[in-house]
Amino acid sequence: MAKHDLGDMEQIRAKLEGWLRLNLAGAENLKLGDLNFPEESGESSVTLILKADNNGSERGLICRMVPPESEVFEDHDLPLQYNMMKIAGENGVPVPPLLGIEEDDSLLGSDFYIMGLVDGLIPTDNPPYAFGSWVTELSDDERSTMWENGVATLAQIHQINLDGYDISGVPASPQSQSPVQHEINKFNTMFSDDIRDRMPPVVAQAMQYINEHAPGSGVKRLCWGDSRPGNIIWKDLAPAAVIDWEMASISDPMLDVSWWYWIDNILSVGLGLERLGGLPSMEDIYAQWHSITGLSLEHADYYDLFNITRFAVIIEKKYVAMGRGGAEPTANFVVPFVEQQLMKMSSI
């Protein structure tokens with residue numbers, strides 16, 4: 001899933017080499033080796049792993065591009081991603097070294113940016129890390145420490161003071177609307193008629209609830225968007241770099257905290273496994289985040305329903321893409337969680 005058909009890879013390599021020679025200080029003699037894709041992560045955007053030799057000094061680089069076709073996102077705002085990492089890094093959040101961005105798509109057919117390769121480990125997406133990975137090889141205490149460090153970093157993002165930064169291009173709701181109305185609008189577009197027709201009625205019911213009960217109050221903070229362990233490079237059980245900012249916005253940060261829990265829970269329990277030992281419960285994750293930020297947990301149930309339903313729709317869109325390649329339809333494993341959460345919400 002992480003590989004993309006970009007055309008002539010040697011031509012791309014040569015063009016990137018030329019761009020790096022012009023745009024990196026002291027890189028006039030830089031040479032690039034073969035381009036590689038990550039094998040187990042990085043589905044949303046094109047990620048190319050580069051090995052650069054600059055006068056005998058080797059360095060790993062990462063190039064991020066817009067994919068020729070996307071299963072989930074309609075738009076890929078690479079300058080937004082780059083700017084969000086820049087802001088986060090200036091406020092102490094670990095991010096990769098940012099080396100440059102090219103917003104003209106005439107060179108490679110896509111705008112792109114270049115980062116330094118960060119040493120560390122990434123929890124696998126294919127298959128999900130709960131099925132066997134370096135994460136499963138940790139002790140319960142080590143996984144507990146890892147998760148607590150991840151939540152602390154998430155809280156650090158939500159405490160960034162955006163005063164003085166140009167955030168005019170970051171998705172946000174008007175002051176008069178719910179802090180997450182822009183996210184709901186985007187979600188409504190994602191829940192197109194063809195997706196609606198494929199899914200059980202309970203998903204449409206959940207969508208109706210989400211639209212009719214959007215929180216009218218709540219704080220607005222910088223949100224990472226795709227806040228999950230697989231979008232972090234880990235070293236010594238702590239985040240070494242927070243990556244993949246495609247879904248960044250100004251929203252109620254409970255969106256991030258809820259996604260952190262549910263993406264892990266569904267990709268283990270929803271696929272027939274138990275959650276890995278040592279991982280904090282949802283209540284403990286939310287309590288840790290609240291103790292650091294002091295921010296409200298008032299609308300947690302709503303954001304849980306939002307995130308679970310959104311994940312069900314994302315999975316269905318992936319199934320549609322797989323079906324174009326001849327794969328057999330599969331029951332959406334996220335839908336039972338939608339039903340459970342909707343029943344919980346309806347009883348409140």
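Values quoted throughout were computed directly from the atomic coordinates according to the rules given, and no laboratory measurement underlies them. Worth saying up front: this structure is predicted, and the values here are computed from it rather than measured.
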Between the range 309-331 and the range 178-224, how far is it from one alpha carbon centroid to the other, in angstrom?
19 Å
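For the pairs LYS15/LYS317; LYS15/LYS235; LYS86/LYS220; LYS31/LYS235; LYS317/LYS344, flag any whose C-alpha to C-alpha distance is greater than 22 Å.
On the way: LYS15/LYS317 33 Å; LYS15/LYS235 32 Å; LYS86/LYS220 19 Å; LYS31/LYS235 28 Å; LYS317/LYS344 26 Å.
Where the Cα-Cα span goes over 22 Å, the pairs concerned are LYS15/LYS317; LYS15/LYS235; LYS31/LYS235; LYS317/LYS344.
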Would you mind checking the tilt of helix 282-293 against the longest principal axis of the Cα atoms of the chain, expressed as 0 to 90 degrees and rounded to 10?
70 degrees
List the extent of the Cα atoms of the chain along each of their three principal axes, largest first, rounded to whole Å.
66, 47, 46
Using the Karplus curve 6.51 cos²θ - 1.76 cosθ + 1.60 with θ = phi - 60°, what ³J(HN,Hα) values do you get for each residue of the range 58-68, in whole Hz, with x for Gly and Pro?
8, 8, x, 10, 10, 10, 10, 9, 7, x, x
Asserting the computed 222 nm helical MRE of the chain (DSSP H runs at least 4 long, -39500 (n - 2.57) per run, divided by residue count, to nearest 500) equals -12500 deg cm²/dmol
Give the share of C-alpha pairs in each 10 angstrom bin for the range 9-116, from 0 to the last occupied bin, in whole percents, shortest bins first.
13, 46, 35, 6, 0
Amide H of LEU117: which non-local residues (sequence gap of 5 or more, or other chain) have their own amide H closer than 5 Å, using H built in the peptide plane?
GLY60, LEU61, ILE62
